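The structure appears below as C-alpha cells.
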Amino acid sequence: MAGDAGEGGADAGVAQAAPSPSAVDAGTPAARDAKAAAPLPRSKPTPAAKAVKPQPSQPSAPLDLSFLAPVPATIDAMYYDLSVTTAHLSTGFPEGGMRLVGARFLERNSGLGKMLTYVVTQLLMAVGEGVAASQGRYVGSTYGVGYRVDYYRSYTSAELASMRANREQAGDNLLASNMSLDLQLFLPVQGVSTASGISAELTPVTVNFTGDGVFGLEVAFQYTKVTDALPGAPARLRSFESIGTPVRLMLNLPVVQVQLQWSPNFIGGFGINPKVMENKYLESAQGTGNLLYTNSPLSLSATVSPVPWVFVRGTGTWTKYQLTTDALGYQLEAGLRF
C-alpha cells in the first residue's frame, strides 16, 4: 500500500511537472506577436562631410603689356605701316614740281605680297608648261638649199612631272622667303593738290648683312605714275612715270630706321645718261600728249617711332643730278605701325 502510495506520489509529481497542452498552445501566439512587433532596421547614418582646408591662393600673373612695346623694325621683322602723306615731287624742269597728298600702306614680310607674286608666277609657269607640252621638245634640225626642217617630240610623262615639280618647288621657295609690298595712292584735294596717281613696289630680294636684321640691302620692282595739270595750261597734263628696280641700303636701329635708295627708271635710261631723260621730255613737249618726266631719283629717308605703334617718316629726294633747288623734293608721313 505504501509502495502504491509512493508510486502514486511519483506519478503525481510527474503529472505536475509535465505541462499541459493548453499551456503550450497559449505560448505560440505570444511568440508570433513578438516577431510581428520587432522594430524595423534603421538606416545607417550618413557620415558628416569632412571640412576641406582652403588651399593657399596662387599669386596672380602680372599684367601682360608686351603689346605696347614698339614693333621691331628689323629687316626680317613682320609689320604693317599705314600712314597719310604729303609730298613735293620735284622734276628739275622749268614747270616745277608736283604737290602730292595721299595714303600709304607698307607690308613687311607678310602674306599679301607673297600671295600676289605666287599667284602670278605660278600662272605664268603653268602657261609655259602648257605651251611646251603642246609644241613638244626640240630635238634637232636638218638644212637644205633654201629650207630648214625642225624636229620635235612629245614630252614624256616623267618630263612633264619634273616640270610640275620644279614649278611647285619654286612656289614653296617663294612663300618661304622675305617679301614686302608698298602701295601709295595720291588723290587731288581741293585747294591743296590737283595731282593723282599710284605707286606700287614689290620687294622680292632681301640681303641681311649682319644676321640680326640691323643692316642689309633690298632690290625691288616698282611702277609709278602721277598726273597733274600743267601750270599755266590746265587743259594739258603732265605726268611722272617710272618702271624700275629700286636698290636700297637699310640701317635699322631700335628707334630710328635709315634708308638710302636709288630708283633707276627704265623709261628714262636708268638716270645714268641724263640726255635720255631730257630727250623724252623734249619729245613730249613738242607733241600734244602729256608732258613726260622720267627721272631716276636718289632718296634718303629716316623713320622714327617716338611711342609704340606710332611713327613719323621724312624723305628727301634728288630727282635730277644737278645742284639746283628745283631738283630737290620731299615726302612727309605720319601713321600707325602694327
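Derivation of every value follows stated rules applied to the coordinates shown; laboratory data play no part. As the structure is a computational prediction, the values presented were derived from the model and not from experiment. Because the Cβ atoms are built from the backbone with ideal geometry, glycine has one as well, and the counts that use them run over all protein chains shown.
Annotations
- From largest to smallest, the equivalent ellipsoid semi-axes obtained for the range 245-300 from the alpha-carbon gyration tensor read 32, 11, 7 Å.
- From the largest down, the range 116-177 spans 53, 23, 17 angstrom on the principal axes of its Cα atoms.
- Neighbour net charge for Phe105 - beta-carbon separation under 14 angstrom, K R +1, D E -1: -1
- Amide H to amide H, with H built 1.01 Å from N, Ser180 comes under 5 Å of Asn109, Thr203, counting only residues 5 or more places away or on other chains.
- Once the chain from Ala132 to Leu116 is taken as fully extended at 0.36 nm per residue, the excess over their C-alpha distance is 3.3 nm.
- Amide proton proximity set for Ser90, modelled H, under 5 Å, gap of 5+: Met98, Gly329, Tyr330
- Listed residue pairs exceeding 29 Å between alpha carbons, taken from Lys114/Lys320; Lys114/Lys275; Lys114/Lys225: Lys114/Lys320; Lys114/Lys275
- Reported to the nearest whole Å, the Cα centre-to-centre distance from the range 167-240 to the range 312-335 is 16.
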